[in-house]
Amino acid sequence: MSRFSLVAMTAMLTAFATVASAQHSGMMGHDAPPAMSPPDAREELHFPPAMQANLLKNMRDHVETLNAILQAVNAGDFADASRIATERLGLDSPSAAGCKPTDAAANGSASMSKSPASGSMDEMMALYMPAPMRAIGLSMHTSASEFAAVATKAVATHDTASVIGALSRITPNCVACHSAYRLR
């Protein structure tokens, strides 16, 4: 994989982050008169303010993490790319906890398999986040863990194409979520 391809991927990720940030801050025509822009068909989510702030913080961290992974891959440092993915984006990262299945998701109740502290972010996600959105999040975190495994293997094999392929399976989840949901 050429450096040009990696630079192009970094530029695309930066553009995605800019658009996602603009969508959430109202800079993408959301303030335009209705006749000038088509209606936003995404599901509007109504989260408590603390949960909304936490979700936005997590998404910004996800974009920063993807950028750090791209920089490590571009430098040929697959071990660092794997470490970053594992610690900040993978299934065992702190941000994945709210996307994991719980008893609440399975039976539609507010009880969870591991009872979080009352009012915790994990509890709020179980109560307020739509199940399909949580599934997209879980898929993204799973893809990040799978990327980490591929990147670890590439430390020995130097298989950049596999690393790029695994990395390219993370971001479609971001696109799917941002295409389906919006915060009010």
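Here are the numbers for the structure shown:
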{"item": "Some residue of the range 83-104 being over 19 Å from the mean Cα position of the chain (by Cα), crowded, with 17+ Cβ neighbours inside 10 Å and either within 19 Å of His178 (Cβ to Cβ) or modelled with pLDDT under 80 (or both)", "result": "yes"}
{"item": "Members of the range 169-184 found to be part of a loop (DSSP other than H, G, I, E, B) and in contact (Cβ under 8 Å) with a residue 40 or more places away in the chain, listed by number", "result": "Ile170, Arg184"}
{"item": "Test: residue in the range 164-172 that is modelled with pLDDT under 95, of a type in the set (D, E, K, R) and closer than 16 Å to His62 by Cβ", "result": "no"}
{"item": "Hits in the range 146-161 (condition: crowded, with 17+ Cβ neighbours inside 10 Å and among the small types (Gly, Ala, Ser))", "result": "Ala148, Ala151, Ala154"}
{"item": "Given (1) at pLDDT 90 or above; (2) closer than 27 Å to Ala53 by Cα, number of the condition Thr157 does not satisfy", "result": "(2)"}
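The values are calculated or read from the model by the stated rules, or taken from the named source; none is laboratory data. Computed from a predicted model, the values in this text were never measured in an experiment. Ideal geometry is used to build each Cβ from the backbone, glycine not excepted, and the neighbour counts take in all protein chains shown.
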